[in-house]
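The values are calculated or read from the model by the stated rules, or taken from the named source; none is laboratory data. Predicted, not measured: the structure shown is a model, and the values here were computed from it. In this analysis, Cβ positions are derived from the backbone assuming ideal geometry, glycine residues included, and neighbour counts consider all displayed protein chains.
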Amino acid sequence: MRRLTTSGSIAVLALTIGALAPTFPATAQQSAPAASEAAAQTEPFSLPELGYGYDALAPAIDAKTMELHHSKHHQAFVTTLNNAAKDDPQLAGQSVEELVATAGQRPAAIRNNAGGHWNHTFFWQIMAPEGQRGEPSPELAAAIDETFGSMDEFKKAFQTAGTGRFGSGWAWLIVDSDKKLAITSTPNQDNPLMDVAETRGTPVLGNDVWEHAYYLTYNNRRADYLSAWWDVVNWTKVSENYAQALAN
Ligand code: MN3
């Protein structure tokens, strides 16, 4: 009979007190899978905290939209993944990044819900309340100028990608395999990290163009949402994403 490892003990403790949900990203359990039955019952995926209030992005995004988007839409992806993991112990041991990278080899439900979980976790982090949004780093600003001509030209092209995405999906600014910036869009809850993405790369910035992201304030006017959304972008985080994508 093997003894519990440290991570097994922590998992048991977390389950016992019932409050210490793992924080995103849910990472693969590197050591001693199934060190105890209790460890296997810990829910592998969890809804991340926003880090700001539901009203913090108004008026660009209203509080009710944020509340529904986070507590209902994002929660549904997490719940579905956890339910799927109950039937498939292998799934429980994988990070959302691993699920996304192998989305094309998964059932549609896993592709959609892992994508939804990854995309929304990313999305909350690249927006911020007033006073915490910062500016593009000099490196990012220079790369945007070089690739798109100017910040205004970049924003226009990004908005065009968002309005041009038929139905539901996402617009993205990515760093491609040549370490160059590029704009792309994906359908549904796909993203550029997926093996099935038409254009692959590391997301630096992304905007959700599903109707649930904007309909309460903007109704059918997706273009108005896309243009107002720049007001809430967390350029400090986006600049970090850019630096990290270059370093990878
Ligand atoms: Mn959404």
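The residues in segment 202-248 that are in contact (Cβ under 8 Å) with a residue 40 or more places away in the chain, more than 23 Å from residue 52 (Cβ to Cβ), more than 16 Å from the ligand (Cβ to nearest atom) and not aliphatic (A, V, I, L, M) can be counted, and the count is 2. When segment 53-64 is filtered for residues that are surrounded by 14 or more Cβ atoms within 10 Å (Cβ to Cβ) and either within 10 Å of the ligand (Cβ to nearest atom) or assigned to a loop (DSSP other than H, G, I, E, B) (or both), the ones remaining, listed by number, are 54, 55, 56, 57, 58, 60, 61, 62.
Within segment 66-78, the only residue that satisfies the criterion of being away from the ligand (no atom under 12 Å from the Cβ) and either under 17 Å from residue 207 (Cβ atoms) or surrounded by 21 or more Cβ atoms within 10 Å (Cβ to Cβ) (or both) is 78.
Check segment 102-117 and report whether any residue there is at pLDDT 95 or above and within 21 Å of residue 231 (Cβ to Cβ). No. When the residues of segment 91-105 are filtered to those that are in contact with a Pro (Cβ under 7 Å, 6 or more places away or on another chain) and more than 16 Å from the ligand (Cβ to nearest atom), the one that is farthest from residue 73 (Cα to Cα) is 93. Within segment 163-175, can one find any residue that is under 27 Å from residue 59 (Cβ atoms), in contact with a helix residue (DSSP H, G or I) (Cβ under 7 Å, 6 or more places away or on another chain) and of a type in the set (Lys, Arg)? For segment 163-175, residues under 27 Å from residue 59 (Cβ atoms), in contact with a helix residue (DSSP H, G or I) (Cβ under 7 Å, 6 or more places away or on another chain) and of a type in the set (Lys, Arg): absent.
Based on what the data block shows, is residue 108 more than 16 Å from the ligand (Cβ to nearest atom), of a type in the set (A, V, I, L, M, F, W, C) and closer than 25 Å to residue 244 by Cβ? For residue 108, the condition - more than 16 Å from the ligand (Cβ to nearest atom), of a type in the set (A, V, I, L, M, F, W, C) and closer than 25 Å to residue 244 by Cβ - is not met.
Would you check if residue 86 is of a type in the set (Lys, Arg), more than 19 Å from the chain's Cα centre (by Cα), surrounded by fewer than 20 Cβ atoms within 10 Å (Cβ to Cβ) and farther than 23 Å from residue 218 by Cα? Taking the combined requirement at face value, the residue satisfies it. One residue is enough: does segment 25-45 have a residue meeting the conditions closer than 14 Å to residue 124 by Cα and either at pLDDT 95 or above or small (Gly, Ala, Ser) (or both)? No: segment 25-45 contains no residue that is closer than 14 Å to residue 124 by Cα and either at pLDDT 95 or above or small (Gly, Ala, Ser) (or both). No other residue among 183, 144 is assigned to a helix (DSSP H, G or I), more than 21 Å from residue 108 (Cβ to Cβ), of a type outside the set (Gly, Ala, Ser) and more than 16 Å from the ligand (Cβ to nearest atom) apart from 144.
Just one of (1) within 27 Å of residue 226 (Cα to Cα); (2) within 16 Å of the ligand (Cβ to nearest atom); (3) of a type outside the set (Asp, Glu); (4) surrounded by 15 or more Cβ atoms within 10 Å (Cβ to Cβ) fails for residue 81. It is (1). When residue 173 is tested against (1) in a helix (DSSP H, G or I); (2) touching a strand residue (DSSP E or B) at 6+ places or on another chain (Cβ under 7 Å), just one condition goes unmet, and that condition is (1).
Taking the criterion of being more than 11 Å from the ligand (Cβ to nearest atom) and of a type in the set (Gly, Ala, Ser), the residues of segment 113-135 that qualify are 114, 128, 131, 134. Restricting attention to segment 142-156, the residues that are crowded, with 16+ Cβ neighbours inside 10 Å and under 17 Å from residue 233 (Cα atoms) add up to 3.
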